[in-house]
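The values are calculated or read from the model by the stated rules, or taken from the named source; none is laboratory data. This one's a predicted model, so the numbers in the text were calculated from it and none came from an experiment. Every residue, glycine among them, receives a Cβ derived from its backbone with ideal geometry; neighbour counts consider all protein chains shown. The area values use the complete protein model at the heavy-atom level, side chains included, leaving out ligands, DNA and RNA. Shrake-Rupley method; radii C 1.70, N 1.55, O 1.52, S 1.80 Å.
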Amino acid sequence: MIVAVGVVVAVVLVTTRGDGSPGDKKSPSASSASTKGSPTPSLSIPSELPSVTPTLPSEVPSGVPSDLQSLFPSLASDQIPYYTLKSGDCFDTDDKRPGQATKRSCTKPHDAEVVKVTELQGSYTTDAALKKAASALCEKPLNRKAAKQPSATVRGTLVQYPDSTGYKIGIDNVACSLSGDVGAGDHKLTKPLT
């Protein structure tokens, strides 16, 4: 009698979905090793908004730069962070917004053109060490490119690199550029470098 009850229970379990509803047999691809109570993903969209609005912390955690604006593009202007520039990009600079660049057409007057973008590697803890490493990375490519330019076209170099805070959070790009008279005069480049 006990064996007969066990067989009946086993047959009922095989022919139900597991929730007591009959007729839902597993497809051939369903795993027989699935565990009961496993959550099933739901693809539905909630019909209500949460009743509690999340709040942001009132203070910036330590180790995060307090001026995050300098790390991200300003949505209200055409300025971008220097580290998003690519080789061949022409741009203007703004002394009031270091680390930012305003992209310009290379066929219109512009302050500088990116010759090479490279990455810092190693461990640097001071701004002076980053400046030295970035300058060393840019020296040869800038000298080679400057030597190919017509006389009086290029009047300076511009090496843009992260400060120590930016480097700690993973900004490692260095933009090596040739320029007109950035900050010293009004001589601009007016066509792409050769």
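Structure values in brief
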{"read-out": "Filter result for the condition that a residue is over 24 Å from residue 92 (Cβ atoms), under 28 Å from the mean Cα position of the chain (by Cα) and of a type outside the set (Asp, Glu), over 161, 124", "value": "124"}
{"read-out": "The range 92-116, subset in contact with a helix residue (DSSP H, G or I) (Cβ under 8 Å, 6 or more places away or on another chain) and under 25 Å from residue 144 (Cβ atoms), residue surrounded by the most Cβ atoms within 10 Å (Cβ to Cβ)", "value": "101"}
{"read-out": "Total residues in the range 170-194, condition exposed (fewer than 13 other Cβ atoms within 10 Å of the Cβ) and out of contact with any Lys or Arg (no Cβ under 9 Å at 6 or more places or on another chain)", "value": "4"}
{"read-out": "From the options 125, 153, residue that is modelled with pLDDT under 95 and open to solvent by 70 Å² or more (accessible area, probe 1.4 Å)", "value": "125"}
{"read-out": "The lone exception for residue 169 - which of (1) touching a residue at least 40 places away in the same chain (Cβ under 8 Å); (2) closer than 16 Å to residue 112 by Cβ it fails", "value": "(2)"}
